[in-house]
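Report on the following structure.
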There are 2 protein chains.
Amino acid sequence: MREPASRADFEARLRRIGDERYHDKHPFHGLLHSGGCTMDQVQAWVINRYYYQSRIPMKDAAFMSRVEDPALRRAWRSRIEDHDGTAENEGGISRWLRLAEAVNLDPEYVASTRGVLAGTRFAVDAYVRFVRDKTLLEAVASSLTELFAPKIHSERIAGLLAHYDFADDNSTAYFQNRLKEAPKDVAFGLAWVLDHADTAEKQDACAAALTFKTDVLWSQLDALHSAYVAPARIPPGAWQPGEGQLEKAA
Amino acid sequence: MREPASRADFEARLRRIGDERYHDKHPFHGLLHSGGCTMDQVQAWVINRYYYQSRIPMKDAAFMSRVEDPALRRAWRSRIEDHDGTAENEGGISRWLRLAEAVNLDPEYVASTRGVLAGTRFAVDAYVRFVRDKTLLEAVASSLTELFAPKIHSERIAGLLAHYDFADDNSTAYFQNRLKEAPKDVAFGLAWVLDHADTAEKQDACAAALTFKTDVLWSQLDALHSAYVAPARIPPGAWQPGEGQLEKAA
């Protein structure tokens, strides 16, 4: 039997996965944050990333459907509220649709998920199924990409505000709120994983789950870059620039 | 209630999906068949396409696991035999590994599926799950991309033989055999779909299933093109040229 790594070493192993594989290293993000994206490319990102947002509460419900412990379900439930909203909080999905409007997309078109890239669907659906099918420990570990999210959200807010006319407090509200919400989720998730991964095998499974999740995120940006950044190859059936606009361009 | 289309019109609708969306229109195939691929790109294709081959018998077993009619199971069973082999027939997976050896890849490396692109995995796994989760009619309809395969196999055999030193009867045996096997499968599948899609709603579901399957195939080539054709962006963890070679290059 291998000994499990210490808590600190195991946490360092998980953080290294982010250093090496998190999608903030993908060239599309450099393009977006530096102002190098055309408005068509920004719209393509908003349309495709919406599909990911829209599936997150389904992923969290799939997780909760398998949790027998009411305390764990209660702790997890706020994730669904953060995305779907409550009486006091409009929720992340609604905020994302405000971003869609700000970039001149019809929010009904975006919410229909028509035109989403097949590569985006396959990656996101793989994540929902992973959480539905794997152990609870692997499911929680796969959520730990939130460890690496505050940096990308901060860069994105600064980059969008600096470089694009559409960016203001309203259109970047999604990211502003995630900066507030994500830290409590990830603190809980990280502690839960460190507590429960008490063998070397379980630690390996957690590292594999987090690696899988970085693939889910990276693969979405690959599909986006391949379809909409020169030399662009838009797959059959995917969104074509000009579709789903909020108002006719002048 | 809408009336269903006639048998001939419905078949024409299915064939149009192939005309518009089958992956023979993807630029990677033009590159491969015209001799424009480097050996690294041919190797990347062989490694990634192996993942698809390796999951086809699992997909067919998932289908058979839901079929109550012994006659339909018997008709379907030959698909698994064609890929996994019998006493008399080595099977498609083994033939694909002969192709791997011919392009100087270690067949054990290829069979390990290490280095397969995440985009390939997500697309192929989506297909296996589609066949496991959807109606039997949609599952059979999704197999009808075989209608369009003979043309691409013929072009591939001719293109590989004309342009690449590794290509001969041994290394192209997979495609030669598919030309013999696929027509009987697809004749059965097409007749079954035409017989069973007896409402407009079922015909729509079949068209959507076949469209989904063209997305599965196209998305694999998008991932491959994006990773390995200039400007190449190899995702973290994916195969790097030089890995998994059968023998050291001179």
Q. Can you tell me which residue in region A:205-239 is farthest from the other protein chains (Cβ to nearest Cβ), limited to those that are more than 23 Å from the chain's Cα centre (by Cα) and of a type outside the set (Gly, Ala, Ser)?
A. A:PRO231
Q | Where A:ASN177 falls short, out of the listed (1) within 22 Å of A:ILE93 (Cα to Cα); (2) assigned to a helix (DSSP H, G or I); (3) within 14 Å of another protein chain (Cβ to nearest Cβ) | A | (3)
(Q) Tell me yes or no: at least one residue of region A:95-111 is of a type in the set (S, T, N, Q), more than 14 Å from chain B (Cβ to nearest Cβ) and on the phi > 0 side of the Ramachandran plot. (A) yes
Q) If you take just the helices (runs of 4 or more DSSP H) that sit entirely in region A:59-133, which of them hold at least 1 residues that are of a type in the set (Lys, Arg), out of contact with any Phe, Trp or Tyr (no Cβ under 8 Å at 6 or more places or on another chain) and buried (at least 16 other Cβ atoms within 10 Å of the Cβ)? A) A:70-84, A:118-133
Q) Only one of A:LEU144, A:LEU160 is farther than 19 Å from A:MET58 by Cα, open to solvent by less than 50 Å² (accessible area, probe 1.4 Å) and aliphatic (A, V, I, L, M); which? A) A:LEU160
**Q.** Conditions (1) crowded, with 17+ Cβ neighbours inside 10 Å; (2) assigned to a helix (DSSP H, G or I): number failed by A:CYS37
**A.** (2)
Q) Mind checking which residues of region A:25-34 are in contact with a Phe, Trp or Tyr (Cβ under 8 Å, 6 or more places away or on another chain) and either modelled with pLDDT under 95 or more than 12 Å from chain B (Cβ to nearest Cβ) (or both)? A) A:LEU32
**Q.** Residue identified as of a type in the set (Lys, Arg), away from chain B (no Cβ under 14 Å) and over 15 Å from the mean Cα position of the chain (by Cα) among A:ARG7, A:ARG16, A:ARG114
**A.** A:ARG7
**Q.** Residue check for A:ASP198: exposed (fewer than 14 other Cβ atoms within 10 Å of the Cβ), away from every other protein chain (no Cβ under 14 Å), at pLDDT 95 or above and over 16 Å from the mean Cα position of the chain (by Cα)
**A.** yes
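The values are calculated or read from the model by the stated rules, or taken from the named source; none is laboratory data. These numbers come from a predicted model, not from an experiment. Using ideal geometry, Cβ is built from the backbone for each residue, glycine included, and neighbour counts are taken over all protein chains shown. Protein only, heavy atoms only, side chains kept; ligands, DNA and RNA dropped before computing areas. Shrake-Rupley method; radii C 1.70, N 1.55, O 1.52, S 1.80 Å.
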